[in-house]
Amino acid sequence: VCIHRVRSCSSIRFIKSKYVCVFDKSALKFSHQQRLFRTSAVSCGQIVQFKLSDIGEGITEVTVKEWYIKEGDSVSQFDSICEVQSDKASVTITSRYDGIIRKLHYNLDEIAYVGKPLVDIEIDASKGVAPEEDVVETPPMSHEEHTHQEIKGHKTLATPAVRRLAMENNIKLSEVVGTGKDNRILKEDILNYLAKQTGAILPPSPKGEIIPPLPKSETVPAAPKDKARKIPLPVSRPLVFSGKDKTEPITGFHKAMVKTMSAALKIPHFGYCDEIDLTQLVQLREDLKPLAQIRGVKLSFMPFFIKAASLGLLQYPILNASLDESCQNVTYKASHNIGVAMDTEQGLIVPNVKNVQVCSVFEIASELNRLQALGSAGQLGTNDLTGGTFTLSNIGTIGGTYTKPVILPPEVAIGALGKIQILPRFNGKGEVFKAQIMNVSWSADHRIIDGATMARFSNLWKSYLENPASMLLDLK
C-alpha cells in the first residue's frame, strides 16, 4: 500500500512517509470506528467567534462596507478582515487569530453591532487558545488610541500596522520607547529601534524627501487655462421616476451630521463678515507652486489660510477653546487642530490638521494632500476626524461668496471662505486697480466670545493674508 499520510483520529497525529509498503493494522487502536486512511489532512481545529470590539467614541453599530476575505480563506494576526463605517469614520478591522475563515456573519451594507460575532475563525487547537477568549470583549478605547482590535495582554499603544512591523522583526513592543502621544509607539520608533540593533542607516523621512525635477525633454506641457467663464453643468444622474415615496434610514456621515447639527442649535451664534484682498498672496502662491510640486506636494491657498488662523489663535486663544455642557468652565486648547470641511460622496466630513501651531505652510499642505486623498477614497480614520479645535470651510470651491457657517461642538468658532473674484478697488490715491477679493464669514459662540474679539481676530488674520511677508515675523 503506497500512501502519503496516515492519520490517527484519536490522537490527532500525522505520520508522513514517502512510501509505506508494509502496514500492521494492529499498530493502530481506535475507541470508535473511523476511516483508517485519508489522502488529505482533515481540519482538527476549534471554531472561535471573532467579535466586533468597541472602536471608541461611544459607537455601538457600524456598516460593513467591504470584506477583504471570504469563507475558506486563511488569515494571520493583523491581517485585514473588513472595512466598517460608523457615523464618524471608516475603520479597518484586523484579525486577532491565525486560522481559516469559516463564516461571515454580515453581508455588505448590513449593520454590525459591537460585541456581536463578526466572523467565525477555525484555529489550530494545538496552539492552546482558550475557548473563552473569544467572548472577552476588548475594553472601550478612545479615538486617540486608534487601535481597531486590541490584542489581549498588551498594554502598549500601537496601531495594527506597527504591531505587525514589530512582529516581523521579532521586536517586543515592551522594549520600544514610544514617542507618540501617551507614549504611543510609532512606525519611526520601530525603525529607530531596529537601526540601533543592526546599525542600519534609516532612509530619510518621506516628508523631507526632495523629488528631483524632470528633465526639460520629459516635462509635460501644461494645458492652457480656459479663462472663459465656466457654465455650471447639472450632475449627470440616471433619472428614475417610480411615482412612489421612498424611505431610507440615515446612516454613516449623514447620521453624524444630524447629531452634530442638533447639538449646534443649542449654541447662540453670531456672525461677522469681511472681504480680503489676496492680490499679494495669489502672486506668492504662484511663485511657490513649482517648488512645492518638485517636492511632491500640491500647494493651494488653504495652507496659508490655516497657518494665518493659527497665528491669530495664538493672540486670541478664546477662539481655540471649548465650553463644558454646564457652561461653567472654559478649556483653552494647547493644540491648534484646525478642521477643513470637505465635500465627499459619503457626505460632509471635517478632518483636521493636527498641531498647526508647530507646522510650516509646506507641512500643512502635505497633510492636506493626505487628508484629501483619504477623504476621496472614504478611508479617513477616527483620529483624522476627531479632536478638532477650530474649523475653516471653503465654500468657494463650489461657488458663492457669503454664507452662515454652523459651529461644530465643542468648538466655539468657525470660518467660511468664499470664492476669489477679480474686482475693481481703489488704492490710497483714489486710483482704480484690479484686486483678487475673497469674502469670509465667521460664526462664533456668543456665550463666551463677543463681537469685538471676533472682529480683532479677523483683522489680524486678514493682515497676515493681505501682507504674507508679515507672517515671517511670527512664524516659529
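Restricting attention to segment 266-284 and to residues that are under 12 Å from Pro468 (Cβ atoms) and of a type in the set (A, V, I, L, M), the residue that is most open to solvent (accessible area, probe 1.4 Å) turns out to be Leu284. When Ser376 is tested against (1) open to solvent by 60 Å² or more (accessible area, probe 1.4 Å); (2) in a helix (DSSP H, G or I); (3) closer than 30 Å to Asp474 by Cα, exactly one condition is not met: (3).
For segment 415-437, name all the residues that are open to solvent by less than 10 Å² (accessible area, probe 1.4 Å) and among the β-branched types (Val, Ile, Thr). Within segment 415-437, Ile437 is the sole residue that qualifies. As a summary of the residue check, Gly451 satisfies the conditions (1) more than 23 Å from Ser300 (Cα to Cα); (2) among the small types (Gly, Ala, Ser); (3) modelled with pLDDT under 90 except for the one numbered (3). A Cβ distance below 6 Å, combined with a sequence gap of six or more or placement on separate chains, defines the contacts here; from segment 386-408, residues that are outside the structural domain of Lys333 (by the TED database) and free of Cβ contacts under 8 Å to residues at least 60 places away in the same chain reach no residue that is among the small types (Gly, Ala, Ser) and surrounded by 19 or more Cβ atoms within 10 Å (Cβ to Cβ). Here Gln421 fulfils each of the conditions (1) closer than 17 Å to Trp461 by Cβ; (2) assigned to a strand (DSSP E or B) apart from (1). So if I check each of Leu202, Leu214, which one is touching a helix residue (DSSP H, G or I) at 6+ places or on another chain (Cβ under 6 Å) and at pLDDT below 75? Going through Leu202, Leu214 in turn, just one is touching a helix residue (DSSP H, G or I) at 6+ places or on another chain (Cβ under 6 Å) and at pLDDT below 75: Leu202. Here Ser376, Ser360 are screened, and the one residue that is of a type outside the set (D, E, K, R) and in contact with a helix residue (DSSP H, G or I) (Cβ under 9 Å, 6 or more places away or on another chain) is Ser360.
Taking each residue of segment 249-276 that is within 30 Å of Ile422 (Cβ to Cβ) and looking for partners that are of a type in the set (Asp, Glu) and open to solvent by less than 60 Å² (accessible area, probe 1.4 Å) with beta-carbon atoms closer than 7 Å, six or more apart or interchain, yields Ile276/Glu466. Considering (1) at pLDDT 95 or above; (2) touching an Asp or Glu at 6+ places or on another chain (Cβ under 6 Å); (3) of a type outside the set (Phe, Trp, Tyr), the lone condition that Ile338 does not fulfil carries the number (2). Out of all the residues in segment 438-459, which are surrounded by fewer than 19 Cβ atoms within 10 Å (Cβ to Cβ) and of a type outside the set (D, E, K, R)? Result: His446, Ile448, Gly451, Ala452, Thr453, Ala455, Asn459.
Restricting to segment 71-114, give me the number of residues that are among the small types (Gly, Ala, Ser), within 20 Å of Gln346 (Cα to Cα) and in a strand (DSSP E or B). Explain how you work it out, then say what you get.
Start the filter on segment 71-114 by keeping residues that are among the small types (Gly, Ala, Ser), which leaves 72, 74, 76, 80, 86, 89-90, 95, 99, 112.
Those still in the list that are within 20 Å of Gln346 (Cα to Cα) too: 86, 89-90, 112.
Narrowing further to those that are in a strand (DSSP E or B): 90, 112.
Final tally of qualifying residues: 2.
With the condition kept exactly as written, say whether any residue in segment 347-360 is crowded, with 19+ Cβ neighbours inside 10 Å, more than 27 Å from Pro468 (Cβ to Cβ), modelled with pLDDT under 95 and in the same structural domain as Ala435 (by the TED database). The answer is yes; a qualifying residue exists.
Could you list, in sequence order, the residues of segment 392-405 that are in a loop (DSSP other than H, G, I, E, B) and either open to solvent by 70 Å² or more (accessible area, probe 1.4 Å) or in contact with a Ser or Thr (Cβ under 7 Å, 6 or more places away or on another chain) (or both)? Selection gives Ile398, Tyr402, Thr403, Lys404, Pro405.
Scanning segment 285-313 for residues that are in a helix (DSSP H, G or I) and exposed (fewer than 14 other Cβ atoms within 10 Å of the Cβ) yields Glu286, Asp287, Pro290, Leu291, Gln293, Ile294. Looking at the structure I just gave you, is Glu325 among the acidic types (Asp, Glu), in a helix (DSSP H, G or I) and either touching a residue at least 40 places away in the same chain (Cβ under 8 Å) or surrounded by fewer than 16 Cβ atoms within 10 Å (Cβ to Cβ) (or both)? Against the criterion (among the acidic types (Asp, Glu), in a helix (DSSP H, G or I) and either touching a residue at least 40 places away in the same chain (Cβ under 8 Å) or surrounded by fewer than 16 Cβ atoms within 10 Å (Cβ to Cβ) (or both)), Glu325 does not qualify.
Just one of the listed residues (Ala223, Ala263) is surrounded by fewer than 16 Cβ atoms within 10 Å (Cβ to Cβ) and either hydroxyl-bearing (Ser, Thr, Tyr) or modelled with pLDDT of 75 or more (or both), and it is Ala263.
The values are calculated or read from the model by the stated rules, or taken from the named source; none is laboratory data. Model, not experiment: these values are computed from the prediction. Note: ideal-geometry Cβ built from the backbone for every residue, glycine included; neighbour counts use all protein chains shown. Accessible surface areas use protein heavy atoms only, side chains included; no ligands, DNA or RNA. Shrake-Rupley method; radii C 1.70, N 1.55, O 1.52, S 1.80 Å.
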